[in-house]
Amino acid sequence: MTDILGLSILELCYIAASITFILGLKMLSSPDKARKGNLIAAYGMGLAIMATILFKEELTADKWLNYALILGGLVVGTVVGTRMAMKVKMTAMPQMVSFFNGMGGACAAVISLVEFDHSLTSGHVETGMMIVIILGLIIGSVSFAGSIVAYGKLEGKIGDKALPAGQIFNIILLIAILGLGTYISTGIFEGGIITPPIYIYVLLVLSLLYGILLVMPIGGADMPVVISLLNSFTGMAAAFGGFLYGNQAMLTGGILVGSAGTILTVLMCTAMNRSLTNVIIGSFGGGGAAAASGGEQGTVKEISTTDAAILLAYASKVSVVPGYGLAVAQAQHTVHSLEKILDEKGVEMTYAIHPVAGRMPGHMNVLLAEADVPYPKLLEMEEANDGMANTDVVLVIGANDVVNPAAETDPTSPIYGMPIIDVLNAKNVIVMKRSMGKGYAGIENSLFFHDKNRMLFGDAKDSLEKLVAEVKNL
Ligand code: NAP
């Protein structure tokens, strides 16, 4: 094969693919470029796959079955993936991410199984290679099993179940997995590499079991953090695969997924003011421990739709704080209609986006982008808080924890230390939700009882539709 600048065509394709992954990832951080970034990275992945088929080895007729299987897999994967992505509802996005992540983990585990078998049959067994194979198998299987359990939980098909003394059992299981993995890869007990094939399948089953037991007791509402963690596992497993095949594109892709998943996990934990250990073994969001903080809080004042519409129509600055309830009510288009009507009346309306509002990273950005809300209208928390004192009305729509003053004032609160949108610095606050129901953290919110606040009860979409109609008539 001809070399260019000392690099083969295959290596050049891998470098080009790696660049598209980095560019794609960078563009994903901005909602207006995210779609393009995703496509660029997908084209890069396509290039890497085609280059591997065409240039890795010489194409020969006797391998027609292999080519047919690869192309068949590509066609089936493309059709199934496209159909699922087109059909998925925005609120079901975390489950789909989890499912696809599980498939990545399964691929990494299968690669390890195939390579293990190949090493044994070819008699080419090196300890270093074996360690990579075993790590890929363990991490890939844990990620696969854990992601499928997470998917089942988010779909409501699996409940939160914990074995008695489950954490201790998990630790013993992990030690067994690491011990067996070390034995298989180094043969330390026998002074050489002796690896009866059955051992690798025992390791596979133990790793799958560990993945299931790790995720099973975690509260359903903590799944986004867990999915992000499992995503980083899949990235690592894929990177091991890239190492095995000497495939730079797979290696770069795996490292990028692994590090992005780890960073996202840490960011989510920081934004919720919780440690990863607390997410994995804590019960936050699952009821129980988090429910405290209450007592007599004062009286709740309500506001009628007409009064709320008057306040909005005669304001000069309005800030909307969207939360999980906006996504549940699917009220993103209606809130955009309100924004357009207020704009016609000369009222400036912006959105204050809390980093963990909703149930997945960027949930509110994605939701509002779906309704074509102009991106510059979405203000990050710090910017929104800076402008709060000049804001006439804050409309809190289906948000609860992200505006709970307890995060700043109550050291005993489970959300203490989490930064919030400081809505009480605005002149008026209206909270739109269905009832006095709690949010994800399961705690009372003193904002609802504050003098400055008035409640507009009802489903967010219904209430917004009524508001839009009233504002139009003013
Ligand atoms: P939240 O605290 O969970 O509160 C959502 C509120 O929406 C509820 O109090 C509920 O009250 C209301 N609601 C539900 N359906 C509604 C409807 N149809 N119409 C109107 N209101 C409705 O939400 P948040 O303020 O967005 O906070 C997010 C929470 O999730 C944080 O605690 C965060 O730490 C956590 N979390 C986020 C992520 C992430 O990545 N974004 C990941 C994991 C955990 P009613 O029942 O009274 O209506």
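One table, with the values for the structure above:
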quantity	calculated
Looking only at segment 442-452, and only at residues there that are assigned to a loop (DSSP other than H, G, I, E, B) and within 14 Å of the ligand (Cβ to nearest atom), the one that is modelled with the highest pLDDT	Asn445
Residue ID - surrounded by the fewest Cβ atoms within 10 Å (Cβ to Cβ), chosen from residues in segment 268-297 that are in contact with a Ser or Thr (Cβ under 9 Å, 6 or more places away or on another chain) and at pLDDT 75 or above	Leu276
Residue in segment 130-141 that is under 19 Å from the mean Cα position of the chain (by Cα) and surrounded by 15 or more Cβ atoms within 10 Å (Cβ to Cβ) present	yes
Residue list for segment 82-129, restricted to those being among the hydroxyl-bearing types (Ser, Thr, Tyr) and in contact (Cβ under 8 Å) with a residue 12 or more places away in the chain	Thr91, Ser98, Ser112, Ser119, Thr127
Residue tally, condition outside any loop (DSSP other than H, G, I, E, B) and either open to solvent by less than 70 Å² (accessible area, probe 1.4 Å) or within 25 Å of Asp3 (Cβ to Cβ) (or both), over segment 55-74	7
Answer from Gly241, Gly261 - the residue that is small (Gly, Ala, Ser) and in contact (Cβ under 8 Å) with a residue 40 or more places away in the chain	Gly241
Flag for Leu256 being under 24 Å from Cys13 (Cβ atoms) and open to solvent by 30 Å² or more (accessible area, probe 1.4 Å)	yes
Neighbours by Cβ (under 9 Å, 6+ apart or cross-chain): first from segment 354-375, over 20 Å from Ser98 (Cβ atoms) and among the aromatic types (Phe, Trp, Tyr); second away from the ligand (no atom under 11 Å from the Cβ) and open to solvent by less than 10 Å² (accessible area, probe 1.4 Å)	Tyr375/Leu368
Count - residues of segment 396-425 that are surrounded by fewer than 24 Cβ atoms within 10 Å (Cβ to Cβ) and over 24 Å from the mean Cα position of the chain (by Cα)	11
Those residues of segment 430-441 which are more than 19 Å from Thr270 (Cα to Cα) and either surrounded by 22 or more Cβ atoms within 10 Å (Cβ to Cβ) or more than 8 Å from the ligand (Cβ to nearest atom) (or both), in sequence order	Ile430, Val431, Met432, Lys433
Met455 vs. criteria at pLDDT below 95 and either under 24 Å from Asn385 (Cα atoms) or within 25 Å of the chain's Cα centre (by Cα) (or both)	no
Qualifying residue in segment 338-349 (condition: at pLDDT 95 or above, within 8 Å of the ligand (Cβ to nearest atom) and closer than 23 Å to Gly458 by Cα)	no
Pairs with Cβ under 9 Å, 6+ apart, first in segment 317-332 and closer than 20 Å to Asn385 by Cα and near the ligand (Cβ under 7 Å from one of its atoms), second in a strand (DSSP E or B) and open to solvent by 10 Å² or more (accessible area, probe 1.4 Å)	Gly323/Lys433
Residue within segment 110-128 that is within 22 Å of Val257 (Cβ to Cβ), assigned to a helix (DSSP H, G or I) and in contact with a Phe, Trp or Tyr (Cβ under 6 Å, 6 or more places away or on another chain) present	no
Residue within segment 409-429 that is more than 8 Å from the ligand (Cβ to nearest atom) and of a type in the set (Lys, Arg) present	yes
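Here's the yes/no breakdown for (1) of a type outside the set (Phe, Trp, Tyr); (2) in contact with a helix residue (DSSP H, G or I) (Cβ under 8 Å, 6 or more places away or on another chain); (3) more than 21 Å from Tyr440 (Cβ to Cβ):
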site	(1), (2), (3)
Thr334	yes, yes, yes
Arg359	yes, yes, no
Ala371	yes, yes, yes
Leu379	yes, no, yes
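The values are calculated or read from the model by the stated rules, or taken from the named source; none is laboratory data. Every value quoted in this text rests on a predicted model; they were computed, and no experiment measured them. For neighbour counting, all protein chains shown are included, and Cβ atoms are generated from backbone atoms with ideal geometry for every residue, glycine included. The accessibility values were calculated without ligands, DNA or RNA, using every heavy atom of the protein model including side chains. Shrake-Rupley method; radii C 1.70, N 1.55, O 1.52, S 1.80 Å.
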